[in-house]
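Single-structure report; data block below.
The values are calculated or read from the model by the stated rules, or taken from the named source; none is laboratory data. Keep in mind the model is a prediction, meaning the values are calculated, not measured. Ideal geometry is used to build each Cβ from the backbone, glycine not excepted, and the neighbour counts take in all protein chains shown. Surface areas here come from the heavy atoms of the whole protein model, side chains and all, with no ligands, DNA or RNA. Shrake-Rupley method; radii C 1.70, N 1.55, O 1.52, S 1.80 Å.
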Amino acid sequence: MKNKKNFQKKLATTVASAFFITAAATPFFSENAQAASKFKDIPSGAFYEKAVQHLSEKGVIGGYNDGTFKPNKAVTRAEAAKMLAYDLGLEAPTETSTNFKDVKKGDWYYEPVMALSQAGGISGYENGTFGPNKTITRAEMASMLVKAYGIQANIEGEQTPFTDVPPTSWFAGAVQTLYKNNITSGKSQTKFAPNDPVTRGEIAAFIQKVNEAKNNSDETKKSTIEINEDNTVTIAGTTYKIPASLSGIFNKENAKILANAEIKLEENNGTITKITYLQLNTSGQPAANGQQEFSNNLVLDGKGNTIAGTLKVNANYITIKNVTIEGDLEITPNLANDFYSENITVKGQTIVSGGDSNTVVFKNAKLGIVAVNKKGVRIETKGKTSINQLNIHTNAHIAADEQSTIQKTIIQNGSNDVQLDGPFEMVEVQNNQAATIKGNAFIKELQLKQNANLALQIKNKIAQLKVEKGAKFSLGFDTAIGHLQLPYGIQATDVITNFNDRKNNIEKTNNETNPEYKDPSLTPGGGGGGGAVGKPSADSILNSYKDDFEQLKNKAETDFNNLLTDFVYNKIEFSEALNQGKEKYKYYESSFNNIYNELVNDLKSNGYSEDHAKVVKDTFDSLVGPYSKFLE
């Protein structure tokens with residue numbers, strides 16, 4: 001096997017641990033990222049359509065508040081640097097000084113430009129400037145791509161068909177490298193147009209083609225991975241030595257989960273040096289009756305090892321522990337049940353496209369950008385989990401415990417019903433469609449961007465609410481606002497649709513104290529139980545779990561009907577239907593108990609007894625009733 005890799009992601013090698021947990025560690029990208037299908041100016045079949053969709057889901061590129069992407073708009077050098085830094089998953093710059101005269105700390109593009117510079121992706125001009133506001137040309141884009149992604153090709157003695165790329169030009173080598181790797185075919189068969197500006201649509205296509213070429217360049221082994229006794233592993237019939245740096249992953253304890261995995265690797269003289277891609281395709285089993293949730297998951301325990309690329313979870317009932325992922329972590333739509341992780345670090349994107357109402361858990365995880373793409377998913381952060389930026393693209397439930405840190409949460413188009421529970425540093429609503437945010441969240445700062453139309457049903461106090469001109473919202477009975485900040489010339493009656501009913505829920509507006517402010521938690525019938533804001537009533541805690549029980553019930557009914565249909569139409573035998581029915585009964589009984597126990601713990605942590613939870617016991621009978629006949 002050739003020990004060769006055409007692409008090498010260039011990441012900063014070290015970063016202070018505080019980068020993950022301090023307010024200073026803000027992400028580079030904050031535009032409104034949304035699926036390409038929701039951009040009204042992306043023509044079906046356009047050469048950049050799929051690229052825009054994929055990269056916007058990852059949070060690499062975004063659109064505008066009017067629902068457009070503006071694919072024909074020219075891109076500046078600073079904007080290009082930001083997109084590449086995001087796609088590469090580069091960490092915050094470790095140096096405070098800058099090599100460029102025109103890039104200063106405090107500039108919005110400082111961090112991505114410096115991160116890309118430190119990774120060797122850009123070098124600037126001879127006069128010591130970077131030219132952040134200059135439109136980037138196709139020649140400059142070619143050079144930046146080759147440097148940033150470490151793209152290589154044997155181009156000695158070869159030329160491109162482009163007559164406008166002289167062999168002696170400064171950009172000829174970069175264009176030849178892109179051409180040899182099928183990343184560009186020019187603007188025509190004979191023209192590359194090196195001096196033309198790069199548009200937003202073109203840069204999306206460039207980045208996407210680089211990533212596709214990267215994936216195609218690595219040799220993939222699709223076979224059972226056999227871990228041997230002599231510190232070797234056999235993949236697709238080829239045996240390799242296992243270095244100490246990968247002995248945690250290539251361990252017999254991981255043999256089951258690695259079965260039928262797809263793997264890309266680098267090796268040197270028969271010894272594996274890196275895992276550059278790993279896709280898990282083998283599922284575990286649901287927890288047995290009475291067992292703890294996730295107890296029958298298949299487990300990948302990296303024991304502190306590193307995957308130098310993307311880890312893709314493409315199966316059900318999976319647990320990932322004690323591993324660093326230098327690329328992306330992708331939870332695919334094929335995962336519909338139970339994903340649990342503990343002590344993982346993801347330096348790229350974390351993309352949640354699978355899961356359901358109670359499946360995706362991150363405990364003591366360090367995550368950069370997390371994209372939530374699966375409708376109805378419930379994501380839970382436990383322990384000292386930190387997330388730099390959470391991009392919510394669809395209806396979802398995010399539950400964070402008190403130790404977790406979510407620096408920034410962006411509610412984007414498509415996310416019209418979002419539940420937030422726990423502490424959130426800053427929440428930004430970029431959605432310009434009618435949307436609801438509910439739950440029992442502790443939000444330090446909430447920002448409503450232009451044209452936001454929000455029903456705010458948070459059963460707690462929002463410390464600070466900043467409203468841009470054109471945004472409107474309504475306040476729930478239990479929602480309190482510490483400080484409402486409005487644009488100049490705008491009154492609260494202009495933006496709060498039910499102001500007359502909720503004006504006493506607002507403590508201060510533009511630094512003016514409201515003498516009639518009343519804490520909703522102390523209002524009879526409101527969210528209080530006789531304490532300060534932040535202690536919810538027992539009823540409000542019960543209501544916060546109502547959706548979880550309802551979704552579980554609906555899923556159980558759907559599963560039972562599907563099973564009955566399969567049996568009636570002879571798709572499965574009676575014995576198989578009986579076995580499946582028993583397993584599903586056990587699964588839903590366990591799932592109900594998990595939610596119930598979480599509810600009880602929530603009640604007790606707020607000073608209430610379990611007696612308050614007895615009202616939901618009736619839910620269990622209606623939930624598992626259809627399956628009870630399988631136990632007779």
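Tell me yes or no: at least one residue of region 164-177 is of a type in the set (S, T, N, Q) and part of a helix (DSSP H, G or I). Reasoning before the result, please.
Within region 164-177, the subset of a type in the set (S, T, N, Q) is 168-169, 176-177.
Those left that are additionally part of a helix (DSSP H, G or I): 176-177.
Yes: region 164-177 contains one or more residues that are of a type in the set (S, T, N, Q) and part of a helix (DSSP H, G or I).
Could you go through region 196-206 and let me know if any residue there is without any contact (Cβ under 8 Å) to a residue 60 or more places away in the chain and surrounded by 15 or more Cβ atoms within 10 Å (Cβ to Cβ). Yes, region 196-206 contains a residue that is without any contact (Cβ under 8 Å) to a residue 60 or more places away in the chain and surrounded by 15 or more Cβ atoms within 10 Å (Cβ to Cβ). Return the pair list, or none, for Cβ contacts closer than 6 Å from residues in region 540-561 that are under 16 Å from H397 (Cα atoms) and hydrophobic (A, V, I, L, M, F, W, C) to residues that are buried (at least 19 other Cβ atoms within 10 Å of the Cβ) and modelled with pLDDT of 75 or more, at least 6 apart or on different chains. What qualifies is I541/D602; I541/L603; L552/S591. One residue stands out among those in region 451-467 that are under 17 Å from K508 (Cα atoms) and modelled with pLDDT of 90 or more: the one that is most open to solvent (accessible area, probe 1.4 Å), which is K466.
T273 falls short on exactly one of the conditions (1) in a loop (DSSP other than H, G, I, E, B); (2) open to solvent by 40 Å² or more (accessible area, probe 1.4 Å); (3) under 23 Å from L329 (Cα atoms), and that condition is (1). Looking only at residues of region 518-534 that are at pLDDT below 75 and surrounded by fewer than 16 Cβ atoms within 10 Å (Cβ to Cβ), we find that the one that is nearest to N601 (Cα to Cα) is G534. Exactly one residue out of G120, G124 is closer than 19 Å to F206 by Cβ, in contact with a helix residue (DSSP H, G or I) (Cβ under 9 Å, 6 or more places away or on another chain) and modelled with pLDDT under 85: that is G120.
Looking only at residues in region 99-129 that are aromatic (F, W, Y) and within 31 Å of the chain's Cα centre (by Cα), which one is surrounded by the most Cβ atoms within 10 Å (Cβ to Cβ)?
Y109
Provide a single number: the residues in region 469-493 that are open to solvent by less than 70 Å² (accessible area, probe 1.4 Å) and either without any contact (Cβ under 8 Å) to a residue 24 or more places away in the chain or polar (S, T, N, Q) (or both). Result for region 469-493: 8. Checking each residue in region 599-614 for being open to solvent by 50 Å² or more (accessible area, probe 1.4 Å) and in contact (Cβ under 8 Å) with a residue 40 or more places away in the chain picks out G607, H612.
Within region 350-370, being under 23 Å from S283 (Cα atoms) and in contact with a helix residue (DSSP H, G or I) (Cβ under 9 Å, 6 or more places away or on another chain) holds for I351, S353, D356, S357, N358. None of G348, G327, G355 is open to solvent by less than 10 Å² (accessible area, probe 1.4 Å), in a loop (DSSP other than H, G, I, E, B) and touching an Asp or Glu at 6+ places or on another chain (Cβ under 9 Å) except G355. Among the residues of region 499-517, is there at least one that is open to solvent by less than 70 Å² (accessible area, probe 1.4 Å), among the aromatic types (F, W, Y) and over 27 Å from D547 (Cα atoms)? Looking for residues that are open to solvent by less than 70 Å² (accessible area, probe 1.4 Å), among the aromatic types (F, W, Y) and over 27 Å from D547 (Cα atoms), one finds at least one in region 499-517, hence yes. The residues of region 417-437 that are surrounded by fewer than 23 Cβ atoms within 10 Å (Cβ to Cβ) and within 19 Å of V495 (Cα to Cα), listed by number, are E428, N432, Q433, A434, A435, T436. Only one of the numbered conditions (1) modelled with pLDDT of 90 or more; (2) open to solvent by less than 20 Å² (accessible area, probe 1.4 Å); (3) closer than 29 Å to K58 by Cβ; (4) not small (G, A, S) is not met by K264, and that is (1).
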